[in-house]
Amino acid sequence: MAPLVRAALVQARWTGDKESMVAAHEAYARDAAASGAKVVCFQELFYGPYFCQVQEPSYYSYAESVPGPTTERFQALAAELGVVMVLPMYEEEQPGVLYNTAAVVDADGRYLGKYRKHHIPQVAGFWEKFYFRPGNLGFPVFSTAVGRIGVYICYDRHFPEGWRALGLNGAEIVFNPSATSRGLSSYLWKLEQPAAAVANEYFVGAINRVGVESLGDDDFYGTSYFVDPEGKFVGDVADAGAPEVVVRDLDLALLGEVRERWAFYRDRRPDAYAELTEP
C-alpha cells in the first residue's frame, strides 16, 4: 500500500430512473479512474432518488440483495479499472427485512463485505424508519488495495460512538455517503466530519447528492469533501449545485504523524465509560 492514495467521491443528481442512474455512476467511476483514483465512493442510496422524503411502499421495489445484481455489475467494473469501490444501496435481506447498506468491493473485483446504517432517523423529510431496519453488522473495517476502509452512513455521523469504533477497528479512511438537504443540517456539514477526523485520527470522505428531487421541496446541497486527520480540507469543497467527481490525494503518512503527536488511543479510558452504553 502506497502512503499516497488518490481517492474519489461522486456527488450526483437524480436522473429519473434506476438504470440511467447506474449507468451514470459507471461513467463517473470511469472518470475517476481516468484521473488516477484508486478508490471511489458513491452517495447514499446511489441508484435511486432519496425516497425517504415520503412514506410510500412502492419504493420498497428499489431494494435488492447485497451482494446481488448491482454489486456484481460494479465488481466487474472495479476489476476492469483496478479501483476499490464503496457502493451505498438499498438492501433486501429477505422480503420485508430491508437495510440502508454499503457494499465494499476491492480493486480486483472481490466483494469484501458490507456495512448497514445503524442510526435511522424519523423526522419530517427523513422518514427512514418506514424503509430501513437499524444495522446489525457492527462497524467493520475492510482491508483493501488502498488501505483499511470504513463506512458510516449519513445520519450516523451525528453519533460519535461509531466513528470511534471504526478507529478502534483500524480505519485509515472512513467514507460517509449522505443525502443531506439544506436547512436541517447544513450548519453541521463542515463541522462534524472534520471533528470526527481529528478525534479519531483518520481521513474522512463526506459525500452529498445535489439538486431538488420531485419527492420534496428541499434541495441537496452537495459540497462533498475530503478532510484529513488534522481537520483540514484536502483541496476545495465540491460545488453546491452541480454533479462532480471529487478526486484528491490522501497522504496516509500523516496518520502516523498525528497519532504520534496526539495519543488519543493510548489515553482513552474505556474503564470509565460504562454508563455511556446504558439505555
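Each reported figure results from applying straightforward, stated rules to the coordinates on display, with no laboratory input. From a predicted model like this one, the values you see are computed outputs, not experimental measurements. Here Cβ is always computed from backbone atoms with ideal geometry, including for glycine, and neighbour counts include all displayed protein chains.
Calculate for the chain the 222 nm mean residue ellipticity that helices alone would give, adding -39,500 (n - 2.57) per DSSP H run of length 4 or more and normalising by residue count, nearest 500 deg cm²/dmol.
-7500 deg cm²/dmol
Would you mind working out the magnitude of the charge dipole of the chain relative to its Cα centre, with +1 at each Lys and Arg C-beta and -1 at each Asp and Glu C-beta, to the nearest 20 Debye?
The dipole of the chain has a size of about 400 debye.
Restricting to Cα pairs below 8 Å that are 6+ residues apart, what does the relative contact order work out to for the chain? Please round to a whole percent.
20 percent
Per-residue counts of other Cβ atoms within 10 Å, averaged by peptide: what ranking do you get for 30-39, 83-92, 186-195, 97-106, highest first?
83-92, 97-106, 30-39, 186-195
T15 versus R266, label points 7 Å from Cα toward the beta carbon: distance in nm?
Each label point lies 7 Å from its Cα, and together they span 5.1 nm.
Under the rule of at least 5 residues apart or a separate chain, name every residue whose amide H is placed under 5 Å from the amide H of G113.
Excluding prolines and chain starts, which carry no amide H, the hits are V104.
Given a Förster distance of 22 Å, report the FRET efficiency between R73 and V97 from their Cβ-Cβ distance, rounded to the nearest 0.05.
0.45
Run the numbers on region 138-279 and let me know its relative contact order in percent, using alpha-carbon pairs under 8 Å that are six or more apart.
Relative contact order here is 17 percent.
Quick one: which residues, 5 or more positions from E64 or on another chain, have an amide H under 5 Å from its amide H? H modelled 1.01 Å from N in the peptide plane, none for Pro or chain starts.
Y90, E91, E92
If you stretched the chain out fully between A34 and E278, how much longer would it get, using 0.36 nm times the residue separation minus the C-alpha to C-alpha distance?
Working: separation 244, 0.36 × 244 = 87.84 nm, distance 4.87 nm.
Contour length minus Cα-Cα distance gives 83.0 nm.
List the relative contact order of region 57-166 as a percent without decimals, with contacts defined as Cα pairs under 8 Å and 6+ residues apart. List each step's numbers first, then the result.
On the way: 200 pairs, mean separation 22.2, N = 110.
Worked out over region 57-166, it gives 20 percent.
Using the Karplus curve 6.51 cos²θ - 1.76 cosθ + 1.60 with θ = phi - 60°, work out ³J(HN,Hα) for each residue of region 168-185 in order, rounded to whole Hz, and write x for Gly and Pro.
Working through the residues one at a time gives 5, 7, x, 5, 10, 10, 10, 9, 10, x, 9, 10, 10, 9, 5, x, 5, 10 Hz.
If you take every DSSP beta bridge fully contained in the chain, what fraction is antiparallel? Give it as a percent rounded to 5.
The antiparallel fraction comes to roughly 70 percent.
Long-range amide H contacts for D219: which residues qualify at under 5 Å (H placed 1.01 Å from N, peptide plane, sequence gap of 5 or more or a different chain)?
Those lying under 5 Å, H to H, from D219 are R182.
Ordered by packing density, taken as the mean number of other Cβ atoms within 10 Å over each peptide's residues, highest first, how do 115-124, 169-178 rank?
169-178, 115-124
Assuming a ≥ b ≥ c are the square roots of the Cα gyration tensor eigenvalues, decide whether the chain counts as rounded (a/c under 1.5), prolate (otherwise, with a/b larger than b/c) or oblate.
rounded
Per the Kirkwood definition applied to all pairs of different Cα atoms, how many angstroms is the hydrodynamic radius of region 125-256?
Computed over region 125-256, the radius equals 15.4 Å.
Across region 99-113, in residue order, what do the Karplus-derived ³J(HN,Hα) couplings come to in whole Hz, using 6.51 cos²θ - 1.76 cosθ + 1.60 with θ = phi - 60° and x for Gly and Pro?
9, 8, 10, 10, 8, 10, 10, 7, 5, 9, x, 6, 6, 9, x
From the square roots a ≥ b ≥ c of the eigenvalues of the alpha-carbon gyration tensor of region 198-279, which class results: rounded (a/c under 1.5), prolate (a/b over b/c), or oblate?
Oblate, since a/c reaches 1.5 and b/c is not below a/b.
Can you compute the FRET efficiency between A242 and F130 using 1/(1 + (r/R0)^6), with r the Cβ-Cβ distance and R0 = 45 Å? Round to the nearest 0.05.
With R0 = 45 Å, the Cβ-Cβ based efficiency is 0.90.
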